[in-house]
Every structure is written in C-alpha cells, then in structure tokens.
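First up is the structure itself, then whatever we jot down about it.
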Amino acid sequence: MLSADVVVIGTGIAGCSAALAAAERGASVALLTRSSRPEESNTLYAQGGIVYTGPEDSPSLLTRDIISASAGTGSGQAARMLAEEGPGLVRELLIERLGVPFDRDPRTGELDLTREGAHSVRRVAHHRDYTGRVIERALVRTVLAEPSIQVLSGTDALELLVVEGRCAGVRALRGGREIVIGASATVLATGGLAALYEHTTNPPLATGDGIALALEAGASVGDLHYVQFHPTTLYVPGGDRFLISESLRGEGAVLRDSEGREFVRHPLGSLAPRDVLAREIWEMMRRTGESCAYLDVSHRPAGWLEERFPTIYERCRAAGIEVPVEPIPVVPAAHYSCGGVDTNVWGRTSLPGLWAAGEVARTGLHGANRLASTSLLEGLVFGWRAGLDATRRPQSPPASESLQGRERQTVNGHKPDRGELSAAWARLRRLMWERAGLARSGEGLRAGLAELDGIGAALDGEGGYEALRLRRALAVARSLLRSALADARSRGCHYRVDCEEAVLADISR
C-alpha cells in the first residue's frame, strides 16, 4: 500500500495545478495518470488559447461575458472568482514562473491577444494554434521536477475508497497489478466525457471516468446533459472531427453555406456563442440538405495562415483543401462537458475528503454553455484552489488496516471478446450522437436509455479492465440521458426539438 497527503487523479492543467498548489503548502502528492505519457490529456490538444486580460478588459466585463454565454444560467460567484483571480494566476504561474511562450507582438513585445466567440474584447493569450501543448508541457516539466510530487504514469483509478463516510484514497491498476493509495485528500481532475459521442474533438479516453468514480462513491453530480458541441470541426467524409479553432473566427473568418451566403441569424454573426452557432449550422444543414457548412478564410493570405495557424493549415492541405482559396468544410462535434461532479468554488464535493477541478467538476461557472477559452483558465484557477484547500485542514491519513484487502482484483475474470467490446463501444457512441446530440427529444432520450440497458445486459458476468471501462461509460451515459430527459426546457447547449419556442428565444439573444 502507498500513501500520500494528497492524491490527484489526472495530469491536465487542473491536475497539475492542484498538485503544484498542494506541494507548495508542504504536502506530499501522488499524481496519477492512466497514460504512459504524463502530458497526455485534453489540455494537450487545446488550440485557441487561455483567457487572460487586455487593455480594454476588466473582471466585471469578463464576468458579464461568461454569464451571457451561459444562456444566463452560470454562477455569478464562480464567474467573478475566475475573472478576478484568473489573469493574475496566468501571469504569475504560467508566464513568470513556467515561462510559457505565448505569442507576442514583434513591435511592442506585448502579448498578442485574440478575440473569440461571445467575447467583448481581445483577451485570449495563445501560442499559434497549439496553446494547450506548450502549457501542458511546461506544467509537466514542473511537476516532474518537484521532489514532493510522485508522478505515477500508467496508473488507472479503479475506485475511490470510502472509509466511514470519507474518501480515503484510491484503488488503482498499475502495471497489471491492483494497488491502494491511501490519502487524506483526493482530487479528481480527469477531464470530460465528449468521447462518449461518435463525433468528437476529444481524445478516445475522455469518456467520463472521473464522473463514474464519483457516482460509484456516492458524490453528487449535476448538469451532465449540458454537453457543448463545438460548431467548427473539419468535415472530411469518413475522417475524424479535427477541431478548427474559434480563433480563426476571432481573426475574421466567416461561416457560409454552399452558395457563399452568411446564414447565422445572431447579431454577433460568426462570433456568436458556440451553442447558437452549432444549432444554426445544424438547422442550415437540415433545411438545405447540405452535409456541412463552410468557413471562409479568404480574407487572409496563405503565409499568414500558415504562420498563425500551422496545425490547421497543414491538416487542411493534407485533406486536399487549398486554404485560403477554398473555404474549410465544417460541422459541429461533441466538445466539452459543462456539468460534472458538484463542487463549491474551492473544489469541495459532497463527499468529505474528495475534491474535483477542471472539466470533471461542476462549479456552475459555465451554466448551460461555456464561453470560449475559459476551459484552460478554469482548470488553472480551480485546480489551484482545490490543491490549496485540500491541504488547508488536513485530516489524519487513513489507518492502513482500514484499507487492507481493498485490492479486490475486480478487473480479473472472464474477458469478453475484443471485437464484441469494440462493437459495443461503437453502438454506445452512435446512440449518444443520435439520442443525446445536438437535437434531442423525449422520445429519443427514452429510446436511448432502453438501448443503453441492452448494451449493459450483454456485459453481465463479464470481467476484465476493458469491460470495467465500458460499464463506467454506460453509467455516465445513463446519468446524462436521464438528466436531459428531466429537463424539458431548451437552453444553452441542451436543445429539445419538442421545446422549439425556448430555443428560438435563445438564438435571438
């Protein structure tokens, strides 16, 4: 059995921030990631940037933009906290301490800030179109160099251990062997669930495992049905949905239909909130029979695009799209979970001893729709706060006797055929896209729940790690569909076609 003052599960921006904050307060930290590479996380793939602040900006203006983008449902307390603390933490930790190389104006040396959808001003700091990569690598270098942080790569959390009503650590799988890590405090920072969908911007492992762990341990979760669909992902028939950064629209790119017409009805046009744009694209495709929309980037020369957005430029060229002469074909795809494990603004969950931060958590910040580029800032700020709070009132670590025998080998037993598992995953992702995607209905959600029961029934008696992962995914999917079914009002990224009037009011805001 291992032990630490704090166990952090997840090595994205929220997990690394929590680990660093706890270590700064003198805590010993065990930092877990299921990947063999600590940097592998949703953070690594973030393109656009991180909300900072600009000369025309203020905390009150950022707070207003967050609440407005949330369809008016976001938490004012969480938004103000983010707006007041976020820019300072970006400066002190990312820029000054870690030296993250955000792009700068070559003439003035000041940060080159861009604007994204639903933002009032330019306030987004970036490094070309792979901002998450440079932030994540800087964070991982720092945690690996911190003596009080033990990074356990290739370690998958199987169960949150609860002793006398308190989270006392985690049971995990490492190198094919189950281990127990006892801790005074446990922080979930496992990311989101958008890879439960057939079409997604997320890496394959983003299937809501942290939410599943919290559900199994009895922690409260909320708003799982608020899944944001990014409006612009590259459409290549039969290909993956590669993200086309919102920053392109912040730099003047325009959404058009196949006839070259702008079709977005919102006053902000192509810079409308993501929920509005995703629905507008979906509605245009349904009305015209088109397979995609088009992002017109012809206002910029090829050299500028290649320099500012090299990843997108090369990906489009590899797909045979001659940008900027040709527009980029785009469609929406599942992108971000606005709900998650219920927490306060310090990351505390309803289960004593358990904190959550980043996309896995629900502080109420995003409400029914997330403002662009607040995800990295959310992970930074609330991860840091969770790490601090987890060490503020330390509990005695759990007695080793209370955790003895927790290596229960539940991943052993008969293992289902790999082909059958692959088919079950594909069936799950397809039904999530069809039943709980951009457009939902009570009838479709009920049918989706019945289909989930069928997939689950086929797993009865099956063992092994992969069967466990699928069971987790089914539990999260079931909670999401039930949440969507219970919410008969369309708002933000929850679009019920049997509640049309509310949707139209939302589009016009």
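The values are calculated or read from the model by the stated rules, or taken from the named source; none is laboratory data. Treat the numbers as computed from the prediction; the structure is a model and nothing was measured. A quick note on method: Cβ atoms are made from the backbone with ideal geometry, for glycine too, and the neighbour counts reach across all protein chains shown. Keep in mind that these areas ignore ligands, DNA and RNA; they rest on the heavy atoms of the full protein, side chains included. Shrake-Rupley method; radii C 1.70, N 1.55, O 1.52, S 1.80 Å.
Positive end of the dipole of the chain (Cβ unit charges, origin at the Cα centre): among Leu428, Pro416, Pro237, the Cα lying farthest that way belongs to Pro416. What is the percent of Cα-Cα separations in the chain that go past 41 Å? It works out to 16 percent of all Cα pairs. 3J(HN,Hα) along the stretch 283-290: 5, 4, 5, 5, 6, 9, x, 5 Hz, from the Karplus curve 6.51 cos²θ - 1.76 cosθ + 1.60 with θ = phi - 60°, whole Hz, x for Gly and Pro. Each of the peptides 355-364, 275-284, 305-314 was scored by the mean count of other Cβ atoms within 10 Å over its residues; in descending order, highest first, they stand as 355-364, 275-284, 305-314. DSSP bridge analysis restricted to the stretch 1-132 gives an antiparallel fraction near 50%, rounded to the nearest 5.
Accessible surface of Glu262, taken over heavy atoms with a 1.4 Å probe and every protein chain present, rounds to 120 Å². Kirkwood Rh over alpha-carbon pairs of the stretch 243-287, then Stokes-Einstein at 10 °C and 1.306 mPa s: what D in µm² s⁻¹, rounded to an integer? Translational diffusion coefficient: 146 µm²/s. Extending 7 Å from the Cα toward the beta-carbon at both Arg25 and Arg482 defines two label points whose distance is 3.3 nm. Placing +1 on the Cβ of every Lys and Arg and -1 on the Cβ of every Asp and Glu, with nothing else charged, gives the stretch 209-302 a dipole about its Cα centre of roughly 300 debye.
Of the listed residues Arg64, Arg128, the order by accessible area with a 1.4 Å probe, largest first, is Arg64, Arg128. Rounded to 0.05, the FRET efficiency of the Asp498 and Ala457 pair, given R0 = 22 Å and the Cβ-Cβ distance, is 0.20.
Out of Trp384, Gly15, Ser28, whose Cα points farthest toward the positive end of the dipole of the chain (charges: +1 Lys, Arg; -1 Asp, Glu; placed on Cβ)? It is Ser28, whose Cα lies furthest towards the positive end. Within the chain, DSSP assigns beta bridges of which about 60% are antiparallel (rounded to the nearest 5). Put simply, the amide H of Val221, placed in the peptide plane, has neighbours under 5 Å in Asp342, leaving out anything fewer than 5 places away on its chain.
Placing unit charges on the Cβ atoms only, positive for Lys and Arg and negative for Asp and Glu, gives the chain a dipole magnitude near 520 debye about its Cα centre. Scanning residues 5 or more positions from Thr200 or on other chains, those with amide H under 5 Å from its amide H are Arg241, Ala334, with H placed 1.01 Å from N in the peptide plane.
Taking every DSSP helix (H) stretch of at least 4 residues in the chain, weighting each as -39,500 (n - 2.57) and dividing the sum by the residue count yields a mean residue ellipticity at 222 nm of -11000 deg cm²/dmol. Element breakdown for the stretch 110-233 at a 1.4 angstrom probe: carbon and sulfur atoms account for 45% of the accessible area. In this structure the stretch 80-191 gives 39 Å² per residue of accessible area when probed at 1.4 Å with all protein chains present. Amide H to amide H, with H built 1.01 Å from N, Val162 comes under 5 Å of Ala168, counting only residues 5 or more places away or on other chains. In the complete set of protein chains, residue-level accessible area for Ile95 is approximately 30 Å², probe 1.4 angstrom. Highest average first, the peptides 154-162, 189-197 ordered by how many other beta carbon atoms sit within 10 Å of their residues are 189-197, 154-162.
The calculated FRET efficiency for Arg166 paired with Arg471, based on their beta-carbon distance and R0 = 25 Å, is about 0.50. The distance between label points at Arg174 and Leu268 comes to 4.4 nm (points 7 Å beyond Cα on the Cα→Cβ vector).
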